[in-house]
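These notes are about the structure you will find just below.
The values are calculated or read from the model by the stated rules, or taken from the named source; none is laboratory data. Since the structure is predicted, the reported quantities are computational estimates derived from the model, not experimental observations. All Cβ positions, glycine included, derive from the backbone under ideal geometry; neighbour counts span all protein chains shown. These area figures cover heavy atoms from the full protein model, side chains too; ligands, DNA and RNA do not enter into them. Shrake-Rupley method; radii C 1.70, N 1.55, O 1.52, S 1.80 Å.
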Amino acid sequence: MADRGVDFSGIPKELRDHLAELELELSEGDITQKGYEKKRARLLAPFLPQITSVDLPLPDVQQQSSSGPTSGEPSPASSDRSPASPEASGPSSSSGGRRNRSGGARDDRYRSDIHTEAVQAALAKHKEEKMALPMPTKRRSAFVQSPVDNCTPPDTSSASEDEGSLRRQATLSAALAQSLQSPDYWINRSVQSSSTSSSASSTLSHGENKTQTQPQPHVPPDVTSYTPERGSRVDSRVDLPPNAMTRGMPRGQSRTSMLDTTADGVPVNSRVSTKIQQLLNTLKRPKRQALSEFFLDDSEEIVEVPQPDPNTPRPEGRQIIPVKGEPLGVVSNWPPALQAALARWGATQAKSPALTALDVTGKPLYTLTYGKLWSRSLKLAYTLLNKLGTKNEPVLRPGDRVALVYPNSDPAMFWVAFYGCLLAEVIPVPIEVPLSRQDAGSLQIGFLLGSCGVGLALTSEICLKGLPKTPQGEIMQFKGWPRMKWVVTDTKYLTKPSKDWQFEKINTKIRIIMLYKASKEGTVMGVAVSKIALLTHCQALTQACNYCEGETLVNVLDCKKDMGLWHGVLTSVMNRIHTITVPYAVMKACPMSWVQRVHIHKARVALVKCRDLHWAMMAHRDQRDTNLSSIRMLIVADGANPWSVSSCDAFLNVFQSHGLKPEVICPCASSPEALTVAIRRPGARGAALPARAILSMGGLSHGVIRVNTEDKNSALTVQDVGHVMPGALMCIVKPDGPPQLCKTDEIGEIVLNSRAGGTMYYGLPGVTKNTFEVIPVNQAGAPLGEILFTRTGLLGFVGPGSLVFVVGKNEGLLTVSGRRHNADDLVATALAVEPVKTVYRGRIAVFSVTVFYDERIVIVAEQRPDASEEDSFQWMSRVLQAIDSIHQVGLYCLALVPANTLPKTPLGGIHISETKQNFLEGNLHPCNILLCPHTCVTNLPKPRQKQPVGVGPASIMVGNLVAGKRMAQAAGRELGVLEEEGLVRKTDPDHVLYVLLNGVAVCTATCSQLHKRAEKITSALMERGGLNTGDNVVLLYPPGIDLIAAFYGCLYAGVIPVTVRPPHPQNLAATLPTVRMIIDVSKAACILTTQPLMRILRSREAAASVNVKTWPTIIDTDDLPRRRPPQLYKPPTAEMLAYLDFSVSTTGMLTGVKMSHSAVSTLCRSIKLQCELYSSRQIAICLDPYCGLGFVQWCLSSVYSGHQSILIPPMELELSLPLWLSTLSQYKIRDTFCSYSVMELCTKGLGTQTDALKARGVNLSCVRSCVVIAEERPRLALTQSFSKLFKDLGLSPRAVSTAFGSRVNLAICLQGTAGPDPSTVYVDMKSLRHDRVRLVERGAPQSLSLMESGTILPGVRVIIVNPETRGPLGDSHLGEIWVQSPHSSSGYYTIYGEESLQADHFNTRLSFGEPHTLWARTGYLGFVKRTELLGSTGDRHDALFVVGQLDETLELRGLRYHPIDIETSVSRAHRSIAESAVFTWTNLLVVVAELAGSEQEALDLVPLVTNVVLEEHHLIVGVVVVVDPGVIPINSRGEKQRMHLRDSFLADQLDPIYVAYNM
């Protein structure tokens, strides 16, 4: 033993508790012996005297990171060593002094070196330990990615608005190191040192590789099904369990004795079960304390808000004082409007350059002068107002709104259109060029255009030609867009204004909708800005940036919106600045182009994003003579992103030697609502640089500012964005609830009062009031004054010297369990996990979805085409680790999608809201996915502890019984006196009893024909069989009259018939072993069959599956003797055995029950009375004739009652679907019996053909009752669909009903002719899980509709009983249905003769109430409700509702779940789920879903299935298995055989498309 020599008395109590937990896990089978020993040894290692633990030093990650390129990124020349970055002097570099980092050695745009080092140091600890997480199993054929050369890799950076979210990965690595060292970290990484070998072909060792592999036990699969071909639903009809469990077999040897297992219950040679065992070992309880919550029975479930943690950091500072910007100076020569500025420069400085555009190679294409800009804008204004319509009916009037649709690469056309609109006094709405009908976000843009009343779009000729068109050559109607008129604004189409034309007098109050904002949910809102506000904003920017006339500005941003528009189009014209625009396409082709433009033109100002800094830095080695000394201001438009600091530092490191001055870097913060919020002013040469704030991420998640001093791994370094804008007033308020002022050490939303911001969301007054008309209040709730502030959507605080710091945006905020996390921070951590050979850096999206009362974090990234399955899974696992350790938050889902498949924004970034929508709708199509609900969902209600039944307020005492308002019992009407006649009735010998519709042929059998044929079979049995009275004889026939004749032939001979479904000729290997098993179990002395089937039984193919030499005597009945038997056998007593009924339950249990002559007669009489069956009646039967009520209707009922039965074998419907319905119409049938599988076949196959059936004369108005024969809860949805689909053919909605029977009593309920219509109730599912019945209104949340299972048959009495105490229950309880009836089965037919089971199921007594009455236990749960309807006797009708089979219920979290309820939810989760089944294995819920769509959709099902089960049933799915259609086995009655499926899954026989193991 590893613990020899350990002094247990000296071990801490915490460790002793750990050891006790381990012992408990081992005893419950939750951990293998080997896993137990490993964990125990690891826990005791510090206390072993012989072994000294050695601390391995952390690898010098910092040194690695500065020594050269990593992860295969191109490494620009690192010879230009520059002085250390300003960051190096901060606290983070104290250990190593100043280090010179080579610029561009890695993707520094996304990286903070400290953060990367933190992540890497943490993960380094785990490099040697292989993952203990089970890797998903994927079929090889699924998701074949295109070869690398055929796949255009996406941009290695995100662009435009998204790239900021990726810009960091560094402040963390050491933080992980400590938390990941603990042995219980994450999910037991070190339970086994087994490798996660690649999916479908390999078996995980899981520490069990020493187990000797035994041959798989032979699995006898399908008992009696016809299986034409793989994939069809019929293929999966299985009537026998794979491991042949039979009633009466001792419990101990029932299932496990048939299946070789290892010591801990895992079947040998089973890859699937090994993985599940591995999953169980990893699913330790969450390391964070679960929230405290409770569950109240019979009331709403409540997830309690967590009690505040006393250790949670709280703001302690004083209330913040509003921060005032410098006064906005008044300059005498400032123009009164932007049009006036353009008019002035157009007249006085006509030759002065206004705009230079570049071609795709980065060379100047053309220069637009102020004179040209003015004249073209004037022409456009004139054309818009005078040339688009007639003089009396102009198309445009001043104040109308116009869409500007220009590509980023054509800035001159946009400038002309924008200023032309201003001159014409129409409102420009700049939007992106739609590239296809299904563009990401196109629908929302269309909604914005429609709500703003935009009907006209201005564009250029080239752009118009590039728009997608219909085959007729017209512009395509884009999804969600209003109908647009397109106007080309190229110069040749413009008209020069007449000399007497004057443009409109300037109205400064007209609003300009020029910005649109996409919210977190993806909705687009137009922000209206007045002209005066626009002018004021330009003046404030001029003052803050100290713009001078004639300066040169290089603009890399999109000139249609945000900073690119405000600086590059508006303020530049106001100050006669020469703007050089560098489009995105040029940047992709030549990343240094903007730096070259600065160098060539000696530009004074550059307007960039961090993306551009990074690209230039990566390509800088090609340009050694670049000089940036002319720049006085490098405006970083996304400098408000907290991760921009590393990009700025890295860029400065590289280009400081090229003349770049540290003080010129000016990050700024802006928002669509408030325009520019703050900007850092360019500092004087040599002035001290602004300080950095190194904040604790833990504090930030609680909304407070704490300087990080302890754990440098979870630190966030942020830079300021300068001072608030001139003329503005700024406050920080709480982001949620009323706008209460924050404290000085509290993070809040920045609100701004300024004349230079937006005024409203167009057409949305409610949202406008909450955003643009905010009045901050103090802690007492008193308003600060009457000044209106605007919410900016930026989260931050005010630092020393009134510097503004921004730590995130509202739209990127993820609030999980009351803590706030920034999407950008999570992206940075994910990208700091090396090596990033698996995903593209810039193609990652983080968002949250609401699942079970809380936000859950989802990360989606694009996977590189050359990444292997194992690499991807390893990377995902490490990302989970890193985020859990550094941010203390669990990821709900991590998905990898193929390259180039995420929806993009026009400039290449990821469209987050569209990605989220695809995720929720199942349209994401990931190629790898990992869900972690076990670790991240901590707010589930507590598991129920079962309490002894107490007395409720509505209860009464009945002896010892605690009941509801009344006893839960019901009875059918009196049966009356039984006639003393035999089975063959006294009627006309030529009366046709049976009509068999077998394809095109119609066979009939009269009473005398049937009698004579039965006599011949009796003779054959006596001559050839050598049988004794009471021997068992197997009848192996296809459905038909031969089967009926053989049955009565056996009765005449005094032998016991056993009907068995014949094997399928094309699927002998699956179906024949089941036949053999029933023959063996029943000890059959003889087999009666047809010649074709006899040849099959003795064929070579059959010999491959069973031993054909040991068949009992086989007699074929095709060639019978002509002699009559000397005498017909008459049973001496009615209690003698008539026949054996073998069937397979849905739980995979093979049971044979004994039916006596007395029970058969009583049952037939009961059915005759209920259905009013007489010799003049005709009924149609479309059922399998081998067991249960189907056999009774097929073989017995007609002979007893004398009515004519039209027999339709269900398999005939596969050849001719309308056969059953057309038969009902042709013969004008009033009563018909069918199975659910027949009804489903008709609903799916004929639902769309009702018009064709009507044309053929099919009329179902004659049908009075259509009864579905089943041993399950009525499928209400299916019966309602059937009624609705065929009501056009005359089918009455009241006609369809159900019957109910079980093994102990073949017919308990059957909807007859005299009883009331079946009633439907709605019950509360939450109460049902507690075995309580609470009726609710239709449509109530968490309600379940249940239909009555038919009227109780005459002579039958039922009572609802507690299955554990065996005491009767009240009608408000769910319990087991017990039945008392003269036609109950006599008992199980068993080869073991175990009497205790017999007594328990057939002759059992109540523990109190009626202790002397004998009852039979059906094994089904249900309840009885007294309805308002009157029965045939005039009393109120007691309805029996069947809920589900007791053996099949799932006991999870102390509650009782019915598989069908979970399966109904799963089937609704995604359009491609054809069918589903659930089962449990060692407390894990396993969901199997059949995929009807393409295999590409398989992984979409995993999160949707997990979500819906969690939301609707409050259960966490352990394993999701996606399989082909037809894999879930169905028995002959159309019921799912879940246990058979479970055994096939554990034996790895399903050939799944994908198996996902939820962590």
- Excluding residue 1178 itself, what net charge comes from residues whose Cβ is under 15 Å from its Cβ, given Lys and Arg +1 and Asp and Glu -1? +3
- Surrounding net charge for residue 1193, when Lys and Arg each add one and Asp and Glu each subtract one, Cβ distance under 12 Å: -1
- Note on the structure: Neighbours of residue 495 by Cβ distance under 10 Å: Lys/Arg at +1, Asp/Glu at -1, summed charge +3
- Would you grab the residues whose amide H sits under 5 Å from the one on residue 1452? Only those 5+ places off in sequence or on another chain, please, with H modelled 1.01 Å from N. 1457
- Would you mind working out the accessible area per residue for region 797-868, using a 1.4 Å probe, and quoting it in Å²? 26 Å²
- Item | 5 angstrom amide H check on residue 1333, placed H, neighbours 5+ away | 1373, 1374
- Kindly rank 778-787, 817-826, 444-453 from highest to lowest mean number of other beta carbons found within 10 Å of each residue. 817-826, 444-453, 778-787
- Message: Rounded to the nearest percent, how much of the accessible area of region 1100-1203 (1.4 Å probe, protein heavy atoms only) is carbon and sulfur?
- Response: 48 percent
- Message: Sorting check: for 1316-1326, 607-617, 1105-1115, 571-581, which peptide has the highest mean count of neighbouring beta carbons within 10 Å, and how do the rest follow?
- Response: 607-617, 571-581, 1316-1326, 1105-1115
- Query: Per residue, how much accessible area does region 1189-1251 have with a 1.4 Å probe, in Å²?
  - Reply: 28 Å²
- Message: I'd like the GluC sites (Glu not before Pro) in region 650-738 restricted to DSSP loop residues with at most 13 other Cβ atoms within 10 Å, sorted by number.
- Response: 710
- Note on the structure: With every protein chain kept in place and a 1.4 Å probe, the residues 658, 925 fall, from largest accessible area down, as 925, 658
- Query: Can you tell me the accessible area per residue over region 1110-1149, all protein chains present, probe 1.4 angstrom, in square angstrom?
  - Reply: 54 Å²
- Task: State the percentage of accessible surface on region 1479-1558 attributable to carbon and sulfur atoms; use a 1.4 Å probe and exclude ligands, DNA and RNA.
- Result: 45 percent
- Task: Go through region 794-804 residue by residue and turn each phi into a ³J(HN,Hα) via Karplus (6.51, -1.76, 1.60, θ = phi - 60°); whole Hz please, and just put x for glycine and proline.
- Result: 9, 9, x, 7, 9, x, x, x, 6, 6, 9
- Enumerate by residue number the trypsin sites (Lys or Arg not before Pro) in region 345-395 meeting two conditions: DSSP loop (anything except H, G, I, E, B), and at most 12 other Cβ atoms within 10 Å of the site's Cβ. 351, 391
- Note on the structure: A 1.4 Å probe over the protein heavy atoms gives region 1228-1275 a carbon and sulfur accessible-area percentage of 50 percent
- Item | Relative contact order (%) - region 536-610, alpha-carbon pairs under 8 angstrom, separation at least six | 40 percent
- Message: What is the ratio of the Cα radius of gyration of region 441-502 to 2.2 N^0.38 Å, with N the residue count, to two decimals?
- Response: 1.39
- Task: Go through 1349-1355, 836-842, 746-752 and give me the packing order, highest mean Cβ count within 10 Å leading.
- Result: 1349-1355, 746-752, 836-842
- Message: Students sometimes get this wrong: rank 393, 117 by accessible area, probe 1.4 Å, all chains present, largest first.
- Response: 393, 117
